[in-house]
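J.: Okay, here's the structure, questions in a sec.
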Amino acid sequence: MRKRGAHYRPLAKLLTIVDKFRDKEKWIRTFYADIWELHKILFGEGRTAKGAKRLMREMMRRWEKKLRKLDHDDPGAGVLAQWLKQTKSHWPGLFHCYADPRIPHTNNDGE
């Protein structure tokens, strides 16, 4: 015979999974607008390389400013530092797609 309420345990476990991600949720909320703005900069229609670079530099300045304000143990600090590092390392080839319309903005067929 099953214990009373045993059939609710899987549901309760599923509903409490959100608690495991509560710390990470903060940085997702913090950078959500930046993620969409980055998408507009890199994949916006009618964007020029010069305009995209200017907007990207402005965004990177904001990221650096945010990073200086965050504590080292804040989960968002690691994410932001990684974004800055990757953006800087990919900078030379990041805007080639604007120079030639035959080059796709992404290699992801889903976009």
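J.: Checking the structure you have, find out if any residue of the stretch 3-16 is under 16 Å from THR87 (Cα atoms), exposed (fewer than 13 other Cβ atoms within 10 Å of the Cβ) and either at pLDDT 75 or above or among the hydroxyl-bearing types (Ser, Thr, Tyr) (or both).
T.: Checked the stretch 3-16: no residue is under 16 Å from THR87 (Cα atoms), exposed (fewer than 13 other Cβ atoms within 10 Å of the Cβ) and either at pLDDT 75 or above or among the hydroxyl-bearing types (Ser, Thr, Tyr) (or both).
J.: Under 8 Å between Cβ atoms, which residue pairs at least 6 apart in sequence (or on different chains) link something in the stretch 46-74 that is touching a residue at least 12 places away in the same chain (Cβ under 8 Å) with a partner that is of a type in the set (Asp, Glu) and assigned to a helix (DSSP H, G or I)?
T.: MET59/ASP34; MET59/GLU37; ARG62/ASP34; TRP63/ASP34
J.: Restricting the stretch 41-57 to residues that are loosely packed, with under 15 Cβ neighbours inside 10 Å and modelled with pLDDT under 85, which is nearest to ASP74 (Cα to Cα)?
T.: The selected residue is PHE43.
The values are calculated or read from the model by the stated rules, or taken from the named source; none is laboratory data. It should be emphasised that the depicted structure is a prediction, and the values quoted were computed from it without experimental measurement. No Cβ is skipped: glycine too gets one built from the backbone with ideal geometry, and neighbour counts run over all protein chains shown.
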